[in-house]
Amino acid sequence: MSATRKYKIGVIGLHMGAQWATAAGKNPRAELAVVYDKDKETCSSKAEMFSARPADSEEDFFSSDIDVAIVATPDHFHRANSIAALSRGKHVICEKPLAPTVRECREIIKAVKKYGKFFMVGQVCRYAPGFKMAKSLIEDGAIGEPAFIESEYAHDYAHAPGVDNWRKDPKIKREGFIGGGCHALDLVRWLAGDPCEVFCYTNRKLLKDWPTDDTGVAVLKFRDNLIGKVFVSVGVKRQYTMRTVICGTAGTIICDNTSPAIRLYKDKYLECSKTNKFWDIPVNVASHNVAEELNEFIGCLEKNKQINTDVYEGTNTVALGEAALKSARTGKPVRINYIATGRGKNV
């Protein structure tokens, strides 16, 4: 594809997908061409809002001449939608979690290999400025060797059951620990590496009429004696937060994706201070930075470059979530079975 040609973008699922449509409309290297939502009124109104063609059906959407399909439908549609797009020659960006189960993720991996298209999973926390700054500080050795990491996904879904109540549908049985918790699980993997073992407890005291547990705590064991914790609650009565703490041998970082600063304590420079205050490092607030995700994806297409948040990364985050839920069911620690990356230039 010529570097001067805009990539034609299509978005399926126009609730979460509205953010992607906005990003595509503002990106100078993209053209928002087609949108689709199974709710005809939503499809029509969003198409008019974004100056895009409304597809008549899923088949119309996937068979259109778009270059990139953005799958922003509910979790349980990700497998079918991603494979449909890949099989019709589209590159794909799929919202997180990649799929509700590793089994479904494996089916998507097979399709990515078969059709050879570029594929990104929308692990948006990796693009939040605060978390990016934390990652850079860790890699630069600002806090020494990491010894402990914790993250949390606290988000009250009591009044956010999703379109047609899909998040609380007993037939779908969405697991909040993976569906919402994938944010924190993936963030910990990105900042500290893959944990090798997990022990987890869950309960259902906040959303008692929902079909799966609403709250869980996973304790993680990493290599090199690093330990960690992930707290997930989709019923917690508080403001949304993804507060994350990384403790190292020479300092501590406290960060999230909704504050205009992250906090850094460096023992080396503050050891003589009587107050031992943290430094506040200003960052932009962009908790759902899909614009940067899309920009990176297009850059990878143009340069034929490896995508960091690829289908394997998405699968391995789901694998961690599945292992945690297995531990909660069995009451025993569980080793995590990750998928070998087998990375090529476009997967």
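Quick note: the coordinates plus some simple rules give every number you see, no bench work behind them. No experiment lies behind these values; they were computed from the predicted model shown. Neighbour counts are summed over all protein chains in view; Cβ atoms, including those assigned to glycine, are modelled from backbone coordinates with ideal geometry.
The table for this structure:
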quantity: Quarter of Cα convex hull surface for segment 126-282, i.e. mean projection, nm²; calculated: 10.4 nm²
quantity: DSSP bridge orientation in the chain - percent antiparallel, rounded to nearest 5; calculated: 55 percent
quantity: nm² value of the averaged projected area, convex hull over the Cα atoms of segment 283-344; calculated: 6.3 nm²
quantity: log10 of Debye I(q)/I(0), alpha-carbon scatterers only, for segment 72-210 at 0.17, 0.19, 0.20, 0.21 Å⁻¹; calculated: -1.09, -1.22, -1.27, -1.31
quantity: Length gained when the stretch THR249-GLU107 is fully extended (0.36 nm per residue, less Cα-Cα span); calculated: 47.0 nm
quantity: Segment 139-218 pair-distance distribution - Cα-Cα, 5 Å bins, rounded %; calculated: 3, 12, 22, 21, 14, 11, 8, 4, 4, 1
quantity: Burial ranking of peptide ranges 119-128, 194-203 (average Cβ count within 10 Å, highest at the top); calculated: 119-128, 194-203
quantity: Lys, Arg +1 and Asp, Glu -1 on Cβ, resulting dipole of segment 126-282 about Cα centre, debye, nearest 20; calculated: 340 debye
quantity: Within a Gaussian network of the chain (alpha carbon springs, distance under 10 Å), most fluctuating of GLN306, GLN239, GLN19; calculated: GLN239
quantity: Estimated inter-spin distance, ARG204 and ASN304, nm [label 7 Å along Cα→Cβ]; calculated: 5.1 nm
quantity: Pairs beyond 26 Å (Cα-Cα), from LYS26/LYS46; LYS208/LYS326; LYS135/LYS205; calculated: LYS135/LYS205
quantity: Reach of LYS90 by Cα under 12 Å, taken over aspartates and glutamates that are not fewer than 8 positions away in the same chain; calculated: ASP65, ASP67
quantity: Tilt relative to the chain, helix 102-115 - C-alpha long axis, 0 to 90 degrees, to 10; calculated: 50 degrees
quantity: Selection of trypsin sites (Lys or Arg not before Pro), segment 181-270, meeting DSSP coil and at most 16 other Cβ within 10 Å; calculated: ARG204, LYS205, LYS208, LYS237, ARG238
quantity: Equivalent ellipsoid semi-axes, the chain, via Cα gyration tensor eigenvalues times 5, rooted, Å; calculated: 33, 24, 20
quantity: Net charge over other residues, Cβ less than 9 angstrom from the Cβ of THR244 (K, R count +1; D, E count -1); calculated: -2
